Amino acid sequence: MAKTTKGKTVPLVSSARWRLLFLVVFVGLVIYIAAGDGLLFEVWKEEKELVILEAEVSRLDAQNDSLRKILRQLDGDMEYIEKIAREELGLIKPGEVVIPLAPEEGD
């Protein structure tokens, strides 16, 4: 069957082949632009790394807040300083006697 365009007869098969060829070239060009040189893989890899780094930033922000709270307590709270000195450093006031206790069973 033939197709008529302005007095010329163009075979339909030829016209469909050109369209198919154009479509294949167009799709190939789009794929090359999108995935050429591993571009899509690089974007995916960078996005994955970004998610990991954002989680690390959140964790470090929480740790920073905790350390700021401790710093504020150490800056002016003498009772807290004394508690830390006694518990972690084993310090005692002059005249005090430390009586060591045996650990409870199960500890």
Exclusive hit being surrounded by 10 or more Cβ atoms within 10 Å (Cβ to Cβ), outside any helix (DSSP H, G or I) and either under 38 Å from the mean Cα position of the chain (by Cα) or among the hydrophobic types (A, V, I, L, M, F, W, C) (or both), set 91, 21, 29: 91
Filtered residues of the range 51-79 (kept if surrounded by 10 or more Cβ atoms within 10 Å (Cβ to Cβ) and either modelled with pLDDT under 85 or assigned to a loop (DSSP other than H, G, I, E, B) (or both)): 73, 74, 77
Residue under evaluation residue 104, criteria (1) over 27 Å from the mean Cα position of the chain (by Cα); (2) at pLDDT 90 or above, criterion not met: (2)
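The values are calculated or read from the model by the stated rules, or taken from the named source; none is laboratory data. For clarity, every value in this text was computed on a predicted model and none was experimentally measured. In this analysis, Cβ positions are derived from the backbone assuming ideal geometry, glycine residues included, and neighbour counts consider all displayed protein chains.
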